[in-house]
Amino acid sequence: MTPATPSPAAPLEVTDKDSAASAKPGAPKGSESRSPGRLAWIRFKRDRTGVISAFVVIFFFVVGILAPLIAKVYGKDPYTTYGMNIPGLLNEFNYPVKPNGGISSDFWFGIEPQLGRDVFTFLLYGIRNSLLIAAAAALLTTLLGVVIGITAGYLGGKTDYFVGRVIDILLAFPQTLFFIAFWPVVMAIFVSPEENTPVWLTVTSLILVMTAFGWASIARLLRGEVLALREREFVEAAKVTGASPARIIFKELLPNLWTPILIQSTLLLPTYVTAEAGLAFLGVGLSDPTPDWGVMIQNGSHYYQDDITFMLFPGLTMVIFVVAFNLLGDSVRDALDPKTKR
C-alpha cells in the first residue's frame, strides 16, 4: 500500500490584519499612506490651543464680514448721534446718564460721551475696517516678499547683493516715525489742505505704505532658504534636464518653501492690526468718524479717568484677536514641523 502523497500547501491569504501587523511598531494607523499636509492637519487638530484660537479668529472675521447685517438686525448704526437725538441719554456734561457707559438693553455696549454714538455698532465696523486693512496689507506683503526673496536667492550675484542692501535699509528704517513725519506730506500731494481726505485714499495709502516697508523680513528669510535649496541635488538634476528657471522655481523650490511662507504670513496679520491701530491712535491713518479699533481707543483715552468702559471694549477685543492669532500661528508652525514637540 503506497503512502498518500501530501497535497500542496494552499497559498496564504494576506489580510488587513496581517498588513497592519507588519507596519512599524508605534506608527500611527495608516500614516504610511498619508501626505505631509494630511499629517500636519492631524497634528493641528490634536492641539486644543490651536483649534480654539482658530475658532476665535474665524469668529472675528465672520463678525467683520457680517457687520452691516448684524447692525441692521440690532437696529442701530455707528454714525447716528443717539445721545443728541434722544433726550435723557446724556446728562448736562454730555456723559451717559446710566452707569457703565450707558449700557442697557437698547445699547449693549453703551453710548459714547459728547455725541452719544452706539459703541457696539462702532466696534463692529471698527473690527471690519481694521481686519480689511491688515489682511490686505499682509496678503500683498507676502506676495511681494515671496517674489523678491525667491528671485534674489535664485539669481544670486549682483541681484542678490542689491536686494540684500535694500532689505538691510528697510529693516533699519524707523517706520513709525516715517508715517508720522511724512503722512501729512503724502496726503497733501493728493488732497488739497482745504478738503477732507477721502477714506478710500487713506485706506489705500495705509495698505501700500505698510506693504512697502513690510516685505523685507519675509524676503530675507526666503532668500536664505533658496540659497540653500538651489545647491541641492534635485535642483541640479532639473537644470541638467533643461528645465527653465520658472519651472525650477515653481516645481522644485516653491513646494519646499510653503512652510516658512505660511508661518510668516500668519504672524504678519496681527502685527499689522496693532500697527494700524497704533497709527490711528497717534492721529495718522483713519480718523473719527470712521470706525476703527485705534480710533475707538483714542476716543476712549479722553474719558478713561471718568469711565473706562469706552476704552475697555475695543482694547479687550483687539487683545483677544491678536493673542488668538499669534497662538494660531504657533500651532500652525508646530503642525508643519514634525520635529516640534509641545
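Summary of values
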read-out: Tabulated pairs, the range 225-246, first of a type outside the set (V, I, T), second open to solvent by 50 Å² or more (accessible area, probe 1.4 Å), C-beta under 7 angstrom, 6+ apart or interchain; value: L229/N256; F234/E252; A238/E252
read-out: So F281, is it without any contact (Cβ under 8 Å) to a residue 24 or more places away in the chain and out of contact with any Gly (no Cβ under 7 Å at 6 or more places or on another chain); value: no
read-out: Evaluation of F109 against (1) in a loop (DSSP other than H, G, I, E, B); (2) hydrophobic (A, V, I, L, M, F, W, C); (3) at pLDDT 90 or above; (4) open to solvent by 60 Å² or more (accessible area, probe 1.4 Å) (one fails), failing number; value: (4)
read-out: Residue tally, condition at pLDDT below 85, assigned to a helix (DSSP H, G or I) and of a type in the set (F, W, Y), over the range 162-179; value: 2
read-out: Any hit, the range 310-325, residues being modelled with pLDDT under 90 and surrounded by fewer than 16 Cβ atoms within 10 Å (Cβ to Cβ); value: no
read-out: Count - residues of the range 170-184 that are among the aromatic types (F, W, Y) and either open to solvent by 80 Å² or more (accessible area, probe 1.4 Å) or in contact with a Ser or Thr (Cβ under 6 Å, 6 or more places away or on another chain) (or both); value: 2
read-out: Long-range neighbours under 7 Å by Cβ, at least six apart or interchain, first residue touching a residue at least 24 places away in the same chain (Cβ under 8 Å) within the range 311-331, second open to solvent by 50 Å² or more (accessible area, probe 1.4 Å) and part of a helix (DSSP H, G or I); value: V322/T274; L327/T49; G329/L267; S331/T49
read-out: Some residue of the range 331-338 being assigned to a loop (DSSP other than H, G, I, E, B) and not aromatic (F, W, Y); value: yes
read-out: The lone exception for M187 - which of (1) farther than 19 Å from L282 by Cα; (2) surrounded by 14 or more Cβ atoms within 10 Å (Cβ to Cβ); (3) aliphatic (A, V, I, L, M); (4) touching a Ser or Thr at 6+ places or on another chain (Cβ under 9 Å) it fails; value: (1)
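The values are calculated or read from the model by the stated rules, or taken from the named source; none is laboratory data. Note that the structure is predicted; figures quoted are calculated from it, not measured. When we count neighbours, we look across all protein chains shown, and the Cβ atoms used for this are built from the backbone with ideal geometry, even at glycine. Note: areas computed on protein heavy atoms with side chains; ligands, DNA, RNA excluded. Shrake-Rupley method; radii C 1.70, N 1.55, O 1.52, S 1.80 Å.
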